[in-house]
There are 2 protein chains.
Amino acid sequence: MATRLKRKPAISRARSEEQRQAKLEAILAAALDVFVEKGFSDARLEDVAARAGVAKGTIYLYVASKEALFEAMVHAGLAVPIETVEQKILALDLPAEATLRMLFAFLRQEVLGTQRKQIVGLILSEAGRFPEIAAVYHREVLSRGMRLLRRVSERAVERGEFQSDELSRFPQLAIAPGVLALVWTNLFGHIEPLDVEDMFEAHVALLMRALKGPPA
Amino acid sequence: MATRLKRKPAISRARSEEQRQAKLEAILAAALDVFVEKGFSDARLEDVAARAGVAKGTIYLYVASKEALFEAMVHAGLAVPIETVEQKILALDLPAEATLRMLFAFLRQEVLGTQRKQIVGLILSEAGRFPEIAAVYHREVLSRGMRLLRRVSERAVERGEFQSDELSRFPQLAIAPGVLALVWTNLFGHIEPLDVEDMFEAHVALLMRALKGPPA
DNA sequence: CGTGCTAATGACTGGACGGTCAGTCAGATG
DNA sequence: CATCTGACTGACCGTCCAGTCATTAGCACG
């Protein structure tokens, strides 16, 4: 038995491992499409299977249930290099203004410009009914983002770059237009498009004038 | 026939009309609860009926389908006196700062503090899959709100109260923290509460400093 | 009190879909 | 080549529920 366990897997697993991973990714990608299009409840696992090029039963060899599929998909999509960004930004040690511009460029290119935008949209839609998803997203994305922004603001205050501390107290104010852009483009973009780049630019300009100016 | 139509309805309609209205309202109120709790797809009409104190079939005497029920509920919930607010604000002709404070107070008390918050949350959740709802909400709420904010900003610029025009170009920047507050309290409020009043205060302070200060 | 009408009911139907599992077959093994 | 294995399949099961409709309740009127 020990021999069997050592020899055979060494060959067939090596091969199967790639395939397994590739198949899982295909399933998760298909799931993203279908969940985005229909929402969690109306998404049909048969559609996911068809789009992934497997049979329905196969999905259950990779995930335990429809809900687990949803969570796996969100997790995979959230493998955002947010930690990398976080450390890079803190290491670069740029002025707060440059840092904020970097963050908004990141937001536009890596979130709004990719399918991550749809994952976040899905979270906004479904998190109310999936406390688990809400908690994961809060822990892995939100709280880190808020902490990063708070540090940037605090550092700018210490250095005298900022004259006031509203951003240290409410880092949410910095990304609020990001949330709005996401919601707006997802829901109303086809009715009234929003020039996200210009809006972000105007936002940073306003923020800098307010924070660098004389304290109230 | 003419006599019947004139006489009998005059009595029985008068009575039935009240009851009919009351029953419809009960159904819509029940629908709000259930839709908020479960989302559109997972909401069961039997639950709505039970909560409204009627039988399932009765719902179909008032609305044509589950989707029509959802739309009727949103419509009823959107009977926001936004037009009144709009005209009052334009008539009062206060300084832009006072106007913005009024708007945020309104937002806190009349939206975030009531079940309208839940209706808006429902719209954010479901509008992606209900283009009709998205369009109605955009037409009746969003575009009016944006127009109002734009006018306030333009007027302030003309008067010299504001030194720059970012808000005229992107009124969205003014309400972005409102959207964030709504999303945050709906999804993450139980994990990390947000002091909405303080945040709004900080937001208005920042905005005023940026807009009243010297142009960039 | 009987008659006629509408509002209301809730058992029922038809279809949809999450999840299961007996069976298939490609490829590994000896 | 014969055998074995386990990944994969898809028909099937049980359940759920939107929407229907035959039946009943409630009420006005003569």
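Read-outs: derived from the displayed coordinates by stated rules, not from any lab. Keep in mind that what you see is a predicted model, and the values were worked out from it rather than measured. Cβ: placed from backbone, ideal geometry, glycine included. Neighbour counts: every protein chain shown.
Worth pointing out:
- Near A:Arg159, once Lys and Arg are set to +1 and Asp and Glu to -1 for all other residues with Cβ below 13 Å from its Cβ, the sum equals -3.
- Percent RCO, i.e. relative contact order, over chain A, from Cα pairs under 8 Å lying at least 6 residues apart: 17
- Pair B:Ser143, A:Glu18: separation of 7 Å Cα→Cβ label points (nm): 5.5
- Computed log₁₀ I(q)/I(0) - Debye formula, equal Cα scatterers, no solvent, chain A, q 0.13 Å⁻¹: -0.85
- As a calculated quantity, the FRET efficiency between B:Thr84 and B:Ile191 at R0 = 35 Å, using C-beta atoms, amounts to about 0.45.
- Zone of A:Leu61's modelled label, taken as backbone nitrogen in the stretch A:15-39 under 18 Å from a point 7 Å along Cα→Cβ: A:15-31
- Listed peptides A:198-204, A:36-42 appear in the order A:198-204, A:36-42 once ranked by packing, highest mean of other Cβ atoms within 10 Å at the front.
- About its Cα centre, the stretch A:84-216 has a charge dipole of approximately 320 debye under the convention of +1 per Lys or Arg Cβ and -1 per Asp or Glu Cβ, with nothing else charged.
- Mean separation of Cα contacts under 8 Å, 6 or more apart, over the residue count of the stretch B:102-184: relative contact order %: 27
- Taken over the stretch A:11-78, the alpha-carbon convex hull comes to 79 cubic angstrom per residue.
- 3J(HN,Hα) from dihedral phi, the stretch A:151-156, Karplus parametrisation 6.51/-1.76/1.60, rounded to Hz, x for glycine, proline: 5, 4, 5, 4, 5, 5
- Label positions at B:Lys38 and A:Lys38, each projected 7 Å from the Cα along the C-beta direction, are separated by 1.8 nm.
- Every pair of different Cα atoms in the stretch A:89-206 enters the Kirkwood calculation, which places the hydrodynamic radius at 15.3 Å.
- When each of A:Lys117/B:Lys66; A:Lys212/B:Lys212; B:Lys38/B:Lys117; A:Lys23/A:Lys56; A:Lys66/B:Lys117 is checked by Cα-Cα distance, pairs over 22 Å: A:Lys117/B:Lys66; A:Lys66/B:Lys117
- Peptides A:182-188, B:19-25, A:66-72, B:51-57 ranked from most to least packed by the mean count of surrounding Cβ atoms within 10 Å: A:182-188, A:66-72, B:51-57, B:19-25.
- Taking the label point 7 Å along Cα→Cβ, A:Thr58 and its counterparts in the other copies are spaced 5.1 nm apart, in ascending order.
- Gyration tensor (Cα) of the stretch B:71-110, equivalent ellipsoid semi-axes in angstrom: 24, 12, 5
- The calculated Kirkwood hydrodynamic radius for the protein assembly as shown is 24.5 Å, given to one decimal from all distinct C-alpha pairs.
- A:Asp47 sits among other residues whose Cβ lies under 11 Å from its own Cβ, and their net charge, with Lys and Arg +1 and Asp and Glu -1, is 0.
- Between the beta carbons of A:Ala205 and A:Arg129, assuming R0 = 41 Å, the FRET efficiency works out to 0.60 to the nearest 0.05.
- Cα-projected label distance for A:Ala105 with A:Gln163, points at 7 Å along beta-carbon direction, nm: 2.8
- As a ratio to 2.2 N^0.38 Å, the alpha-carbon radius of gyration computed for the stretch A:30-133 takes the value 1.32.
- Per-residue shielding of A:44-56, expressed as the average number of other chain Cβ atoms within 10 Å of the residue Cβ, stands at 0.
- Exam field: A:Asp198 pseudo-label spacings to other copies (7 Å along Cα-Cβ), nanometres: 3.7
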